[in-house]
Amino acid sequence: MKPPDIPSNEPERLAALRGYNILDTPAEAEFDDFTQLAAQVIGVPIALISLVDARRQWFKSKVGLDATETPRDISFCGHAIQGREVFEVPNALEDDRFRDNPFVTGDPKIRFYAGAPLTTPDGHHIGTLCVMDRVSRHLTAEQRETLARLARQVVTLLELRLANRRLTQQAAFQQSILSSAASAIIATNADGVITHFNPAAEELLGYAAEEMVGRLTPTVFHDAVQIAARARELSAELGRAIEPGFDVFVAKTRAGQAETREWTYLRKDGSRFPVLLSVSAIHDDTQQITGFLGVARDITAQKQAEQALTLERARLNLALASSNTGIASWQSSRTC
């Protein structure tokens, strides 16, 4: 018996395998469909999705075999991952590498083996889709191609699951940022209907997200007089009629221009406060606008500080004016 060689890129290969986060996971129908189909198409009693780890081969899916894993050093799949093509052993008893293999001399008494490598987009062979029989045989050209196609589909499924997991993680990360942000963050679809209303927006405006998402547009908490005035300004600036409504907030953004300006927000209880609102477009992969994102910061404290500074300057100017008058009077009196 000849143990399989260790690939020269073994560390990278193992990293690619473990990156799928598939080892030691429960059986799943999506993978079982491939082994069932392989067994039926090739006409064999045993089919496996075998993932070759550092010291073992672990079976994500299996037909006709009870074991969940076996040692790598006596595996057929360890040999199959050495190349890109389907690895075939027509009769293990006539092959010096396997004639005294315990899976040949004992149960399940393997005679025929064929394994198509599971090759990642980066070229790492992480395992096989393999079929086995207890009698010797040869694959036809059609069966060989079918086995290779099914193996590619297994990798496609692994890649889709990996992409979905990354998207889920990314979405959770983004949600965490949105939820913890101090600014009100409000997203809409392209028509202006609110699709996201973060906790800061709830606290700032007094509305629950459930009252807003999928129901209303941001115009509900904006000053209608300001909206109408801005519509007139934009109509003159852009040379086209801008109706008072949601388009007032995104007309310049649709044209590819940045839009950050002060607005007055109205809380659910009717109270008013100033905000600095920045609006940006959300694009899909084709650069089509699919929605808009508004980030609003309450600038009440800033406005109050500016007012206090203005009052203080007015007092200083008044004091200075009074002081100058007194000095002028004193100098005039001494001249006399």
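The values are calculated or read from the model by the stated rules, or taken from the named source; none is laboratory data. From a predicted model like this one, the values you see are computed outputs, not experimental measurements. When we count neighbours, we look across all protein chains shown, and the Cβ atoms used for this are built from the backbone with ideal geometry, even at glycine.
Points to keep in mind about this one:
- Residue count for the range 66-84 satisfying the condition of being closer than 13 Å to ALA151 by Cα and either not in a helix (DSSP H, G or I) or not assigned by TED's automatic domain parsing to the domain that holds ALA114 (or both): 2.
- Leading residue by the ranking (surrounded by the most Cβ atoms within 10 Å (Cβ to Cβ)) among those in the range 248-272 that are free of Cβ contacts under 8 Å to residues at least 40 places away in the same chain and within 22 Å of GLU211 (Cα to Cα): SER271
- Inspection of the range 138-152 identifies no residue that is of a type in the set (A, V, I, L, M), surrounded by 21 or more Cβ atoms within 10 Å (Cβ to Cβ) and without any contact (Cβ under 8 Å) to a residue 24 or more places away in the chain.
- Of the strands (runs of 3 or more DSSP E) lying entirely inside the range 221-304, those carrying at least 3 residues that are over 28 Å from the mean Cα position of the chain (by Cα) are 259-266, 272-283.
- Some residue of the range 166-175 being in contact (Cβ under 8 Å) with a residue 60 or more places away in the chain and either among the aliphatic types (A, V, I, L, M) or surrounded by 17 or more Cβ atoms within 10 Å (Cβ to Cβ) (or both): no
- PRO4 being closer than 15 Å to PHE103 by Cβ and touching a His at 6+ places or on another chain (Cβ under 6 Å): yes
- Residue in the range 240-249 that is within 27 Å of GLN302 (Cβ to Cβ), out of contact with any strand residue (DSSP E or B) (no Cβ under 9 Å at 6 or more places or on another chain) and in the same structural domain as PHE292 (by TED's automatic domain parsing) present: no
- Residue in the range 116-127 that is in the same structural domain as THR35 (by TED's automatic domain parsing), free of Cβ contacts under 8 Å to residues at least 60 places away in the same chain, farther than 23 Å from GLN36 by Cβ and surrounded by fewer than 11 Cβ atoms within 10 Å (Cβ to Cβ) present: yes
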